[in-house]
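This report refers to the structure that appears directly beneath it.
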Amino acid sequence: TLGGVEFAVADLGLAEFGRNEIRLAEHEMPGLMALRREYAGVYPLRGARVSGSLHMTVQTAVLIETLVALGAEVRWASCNIFSTQDHAAAAVVVGPYGTPEEPKGVPVFAWKGETLEDYWWCTERMLTWDGEGPNMILDDGGDATLMVHKGVEYEKAGVVPPADDNDPDEWKVFLERMRRSLAADSGKWTKIGGGVVGVTEETTTGVLRLYQLAAQGQLLFPAINVNDSVTKSKFDNRYGIRHSLIDGLNRGTDVLIGGKVAVVCGYGDVGKGAAEALRGQGARVVVTEIDPICALQAAMDGYPVKRLESVLSEADIVITTTGNKDVVTVEHMARMKHQAILGNIGHFDNELDMAGLARYPGITRINIKPQVDEWIFPADGPGDGSGSREDGARGEGSRGHSIIVLSEGRLLNLGNATGHPSFVMSTSFSNQVIAQIELFTKHEEYDNEVYRLPKKLDEKVARIHVEALGGELTPLTKEQAEYIDVDVEGPFKSEHYRY
Ligand code: NAI
């Protein structure tokens with residue numbers, strides 16, 4: 001704590017750099033700035049205590065300061081151990097009017113390169129307010145929501161369940177954090193769970209968790225699914241990835257993408273952006289899918305649709321975008337080409353069997369630089385069948401083929417690069433701010449279910465960004481509006497329209 005602001009960030013000395021980048025980002029985030037102007041002097045979030053878990057980047061800094069401008073008190077942590085931009089975190093703590101010696105900003109608990117222990121500690125600090133707890137959560141991937149729900153559940157049971165041998169490390173670390181938390185203050189989570197009036201969730205994976213909780217009748221407060229605003233998933237997930245996937249590959253490896261065979265696993269919104277970006281660089285892109293509709297879309301867009309097993313021996317780059325688990329197994333990795341690049345941009349690292357890779361007999365890991373690892377398989381090892389070294393070194397000594405894994409299997413666009421650029425995050429975060437205002441001011445009108453924002457607000461977000469790009473919207477005449485049965489002012493589409 002310094003100047004009354006509690007924080008845990010890498011280096012407050014980076015605040016000036018962060019502040020300069022935040023200033024440039026504000027110009028590229030017209031949606032957030034329009035909301036600041038629209039609500040100037042109104043403070044719709046006055047009284048809101050927002051606990052936020054979302055990648056602590058420059059763009060998120062503009063979101064945080066928008067929430068503050070609208071009257072909220074905020075505490076923040078990142079939702080990924082590698083995604084924090086330390087200069088952005090420092091600038092948010094210092095605030096626009098503070099100094100590193102006397103910070104006047106927002107409590108942030110995040111730095112690039114946290115351990116899992118650090119991660120859950122930061123999440124708990126972010127949810128722990130002096131006096132009253134948070135009344136709003138802003139989540140990305142659902143970890144903050146998970147922590148509150150599990151805390152309430154364990155307090156009710158009076159015990160944290162023991163870890164199972166088969167549990168992933170993340171879960172074991174989480175259970176340990178909860179055990180310590182309950183030992184320190186046993187009524188804490190029930191109080192927090194009872195105080196929160198709403199959560200707004202950023203991403204596909206977090207939304208899935210919310211719908212599961214709601215279906216089991218266990219959701220403790222109403223939720224708004226921000227991801228499925230059209231101006232979120234059809235823009236951030238797609239065009240954001242189109243930008244930041246290549247950025248991550250370049251900063252991580254600097255390998256020429258043109259001419260290479262790149263496999264994109266999953267052809268949802270993220271997969272579509274990923275495939276387009278790789279094709280734009282001249283890669284020969286192959287898609288894998290489980291869903292025939294998305295597979296057919298990929299085929300119509302000109303991509304061969306294959307099983308991963310069929311293309312592994314040719315693949316130079318493999319990117320997972322599914323939000324599913326075990327998509328690339330260690331057996332797949334053992335069969336990849338020498339120095340093939342493997343990365344994930346789905347929310348969690350379990351898309352790749354990183355645990356299996358670490359346990360593979362005879363495997364060695366060389367850390368090339370932060371968030372870039374070469375994993376070397378043993379020569380003639382059980383899985384070294386089709387992986388081959390072009391330099392003929394196979395069989396001479398103990399080294400077999402190697403693969404290059406980015407960000408330890410976690411979101412490579414945020415781990416190896418700086419995530420999506422400001423303009424597209426402005427569309428996402430405008431929905432976040434609108435959703436926070438909606439739930440904070442009208443939570444009594446909502447049940448403990450998952451809701452989406454009305455289309456009219458989606459169109460409002462889009463309109464601001466079309467205008468910022470100098471686009472001219474064609475106004476409907478009254479006659480035309482009647483003919484297609486919409487209002488002149490919108491919404492312009494039915495709910496079932498798919499964009
Ligand atoms: P989506 O549901 O639109 O797409 C996922 C696709 O993967 C679906 O078409 C599904 O059929 C397919 N799939 C599922 N299992 C598969 C398997 N075993 N093999 C091949 N395909 C499979 O979801 P969306 O919005 O594209 O998000 C995907 C993931 O990316 C989520 O975890 C989401 O949270 C994350 N995300 C990451 C971002 C980033 O900045 N890195 C940005 C936005 C979303």
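Points worth noting:
- A simple spin-label model places the labels of Y211 and I293 1.1 nm from each other, with each point 7 Å out along Cα-to-Cβ.
- Of the GluC sites (Glu not before Pro) in region 64-114, those whose Cβ has at most 12 other Cβ within 10 Å and which sit in DSSP loop: E101
- Placing unit charges on each Cβ (+1 for Lys and Arg, -1 for Asp and Glu) gives the chain a dipole about its Cα centre, and among V62, F109, P44 the Cα reaching farthest toward its positive end belongs to V62.
- Relative frequency of Cα-Cα separations exceeding 24 Å in region 241-415, percent: 30
- Axis of helix 169-184 versus longest Cα principal axis of the chain: the two differ by about 40°, to the nearest ten degrees.
- Here the dipole of region 294-386 is about 60 debye; that uses its Cα centre as origin and unit charges on the Cβ of Lys and Arg (positive) and Asp and Glu (negative).
- Applying 1/(1 + (r/R0)^6) with R0 = 25 Å to the Cβ-Cβ distance of I366 and E176 gives a FRET efficiency near 0.25.
- Taken about its Cα centre, region 86-175 carries a charge dipole of roughly 280 debye when the Cβ of each Lys and Arg holds +1 and the Cβ of each Asp and Glu holds -1.
- Shape box of region 20-114 [Cα atoms, principal axes, largest first, Å]: 38, 28, 27
- Only Lys, Arg, Asp and Glu carry charge here, each on its Cβ (+1 for the first two, -1 for the last two); on that basis the chain has a dipole of about 320 debye about its Cα centre.
- Label-point gap, in nm, between E16 and A355 - each point 7 angstrom along Cα→Cβ: 4.7
- Considering region 85-147, its Cα convex hull presents a mean projected area of 5.3 nm².
- Whichever lysines have a C-alpha closer than 24 Å to that of K456, once near sequence neighbours (fewer than 8 apart) are set aside: K232, K234, K442, K478, K493
- Within the chain, longest stretch clear of exposed trypsin sites (Lys or Arg not before Pro) (DSSP loop, no more than 12 other Cβ within 10 Å): 47-306
- Estimated FRET transfer efficiency when R0 is 60 angstrom, pair D485-D380 (beta carbons, to 0.05): 0.30
- Rounded FRET efficiency, nearest 0.05, which uses the C-beta distance separating T1 from T474 and R0 of 45 Å: 0.25
- Compactness of the chain - radius of gyration and Dmax, Cα, Å: 23.3, 79
- Taking the longest Cα principal axis of the chain as reference, the axis of helix 58-69 is set at about 10 degrees.
- The helix-based estimate of mean residue ellipticity at 222 nm for the chain, built from -39,500 (n - 2.57) per DSSP H run of four or more residues and divided by its residue count, is -12000 deg cm²/dmol to the nearest 500.
- For region 241-415, with +1 on Lys and Arg beta carbons and -1 on Asp and Glu, the positive-most of V305, T253, L342 along the dipole: T253
- Tilt relative to the chain, helix 116-127 - C-alpha long axis, 0 to 90 degrees, to 10: 10
- Toward the positive end of the charge dipole of the chain, with +1 on the Cβ of Lys and Arg and -1 on the Cβ of Asp and Glu, the farthest Cα among Y267, G131, A358 is that of Y267.
- The modelled label-to-label distance between S186 and F492, using points 7 Å beyond Cα along the C-beta direction, is 5.9 nm.
Read the figures in this text as sums done on the coordinates, not as results from a lab. Quick caveat, the model's predicted, so the values are computed rather than measured. We place every Cβ from the backbone using ideal geometry, glycine too, and count neighbours over all the protein chains shown.
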